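The values are calculated or read from the model by the stated rules, or taken from the named source; none is laboratory data. Here the structure is a predicted model, which means the values were calculated and not measured. Backbone-built Cβ (ideal geometry, glycine too); neighbour counts: all protein chains shown. Heavy atoms of the whole protein, side chains included, go into the accessibility calculation; ligands, DNA and RNA do not. Shrake-Rupley method; radii C 1.70, N 1.55, O 1.52, S 1.80 Å.
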Amino acid sequence: MKRKKIIAGNWKMNHTVTETSGFINEFKRNIADVDGVDIVLCPTFTSLQIAVDLTQNTNIAIGAQNVHWSKNGAFTGEISPSMLLDIPVAYVILGHSERRQYFGETDETVNMRLKSTLTTPLKPIVCIGEKLDERESGITEKIISGQLNDGLKDITAQQMNDIVIAYEPVWAIGTGVTATPEQAQEVHAFIRNLINEKYGVNVSESIRIQYGGSVKSKNADTLLTQSDIDGALVGGASLDCNEFVNIIRSAE
Ligand code: PGA
């Protein structure tokens with residue numbers, strides 16, 4: 001089955017509102033002709049509104065980097081799904097390894113965010129991936145299946161159609177060390193197989209699995225031609241307009 005590639009830029013805690021608007025004005029001109037790739041940009045919360053405004057009627061969708069599971073309430077510093085929809089944002093990243101590492105997120109809280117998100121039109125990008133010591137001790141598959149089982153707990157096959165999975169080996173994020181295309185493909189195939197066992201072939205063949213971790217224009221081609229890699233979640237390289245455009249063109 002031919003799956004449409006999806007390239008998402010995760011800006012993390014970078015770019016002010018002014019910088020966001022400068023970037024997007026250049027970016028949208030440079031990719032206006034790109035067809036057949038889903039393009040997503042995930043700026044900080046403060047830049048979401050300007051990003052959505054500047055990408056009206058373009059081929060760029062805007063995503064947030066996190067969302068809380070509650071509709072509203074006493075959760076200082078958090079943002080709810082309805083607040084994102086009010087902007088309106090289209091995607092949201094869930095369970096990024098930096099959220100897990102620095103902000104105490106677990107598969108359980110990822111699952112709460114995911115269930116809440118799926119009651120809305122927001123499309124979740126669910127991040128999973130093993131740490132270096134886990135890979136070195138040969139338990140990558142155990143970690144990945146645990147994250148999928150717990151993070152996707154109680155999610156139905158129907159709901160799986162709205163989810164994007166991002167496989168991001170933690171040792172490859174922001175390190176300049178990329179998984180080889182073979183290493184990435186091996187885990188992507190494993191993930192697709194797990195999804196097949198749990199949800200059946202229709203879901204497993206249509207769900208998109210992005211790779212993330214030091215994706216650059218120079219390695220994008222070989223990663224994106226692997227049969228189970230359906231796109232990329234790009235951190236550092238998405239802050240550079242030309243780099244990001246070139247990665248998107250690789251997907252095309
Ligand atoms: P990186 O980040 O491309 O800078 O490694 C990827 C990510 O964290 O999503």
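For the list (1) open to solvent by less than 50 Å² (accessible area, probe 1.4 Å); (2) charged (D, E, K, R); (3) more than 16 Å from the ligand (Cβ to nearest atom), I need the number of the one condition that ASP230 fails. So the condition that ASP230 fails would be (3). Restricting attention to the range 242-252, the residues that are more than 15 Å from the ligand (Cβ to nearest atom) and out of contact with any strand residue (DSSP E or B) (no Cβ under 7 Å at 6 or more places or on another chain) total 3. Among all positions in the range 190-210, there is at least one residue which is within 16 Å of the ligand (Cβ to nearest atom), touching a residue at least 60 places away in the same chain (Cβ under 8 Å) and open to solvent by less than 70 Å² (accessible area, probe 1.4 Å). All told, SER145 falls short of being more than 16 Å from the ligand (Cβ to nearest atom), open to solvent by less than 10 Å² (accessible area, probe 1.4 Å) and either out of contact with any strand residue (DSSP E or B) (no Cβ under 9 Å at 6 or more places or on another chain) or more than 20 Å from SER97 (Cα to Cα) (or both). Filtering ASP162, ASP154, ASP221, ASP230 for residues that are at positive phi and charged (D, E, K, R) leaves a single hit, ASP154.
Taking the range 67-122 as the range and being open to solvent by 10 Å² or more (accessible area, probe 1.4 Å), touching a helix residue (DSSP H, G or I) at 6+ places or on another chain (Cβ under 8 Å), within 16 Å of the ligand (Cβ to nearest atom) and closer than 16 Å to CYS42 by Cβ as the test, only SER97 passes.
Tell me whether the range 225-246 contains one or more residues that are among the small types (Gly, Ala, Ser) and over 19 Å from the mean Cα position of the chain (by Cα).
To start, the set of residues in the range 225-246 that are among the small types (Gly, Ala, Ser) comprises 227, 231-232, 235-238.
Those left that are additionally over 19 Å from the mean Cα position of the chain (by Cα): none.
No; the residues of the range 225-246 include none that is among the small types (Gly, Ala, Ser) and over 19 Å from the mean Cα position of the chain (by Cα).
Can you confirm whether the range 167-180 contains a residue that is more than 20 Å from TRP11 (Cβ to Cβ), within 16 Å of the ligand (Cβ to nearest atom), polar (S, T, N, Q) and open to solvent by 40 Å² or more (accessible area, probe 1.4 Å)? The answer is yes; a qualifying residue exists. Within the range 223-243, residues that are modelled with pLDDT of 95 or more reach partners that are polar (S, T, N, Q) and in a strand (DSSP E or B) with beta carbons closer than 7 Å, at six or more positions or on different chains, in the pairs ASP230/GLN210; GLY231/GLN210; ALA232/GLN210; LEU233/ASN10; LEU233/GLN210; VAL234/ASN10; GLY235/ASN10; SER238/ASN10. Scanning the range 9-27 for residues being out of contact with any Ser or Thr (no Cβ under 8 Å at 6 or more places or on another chain) and of a type in the set (A, V, I, L, M, F, W, C) gives a total of 2.
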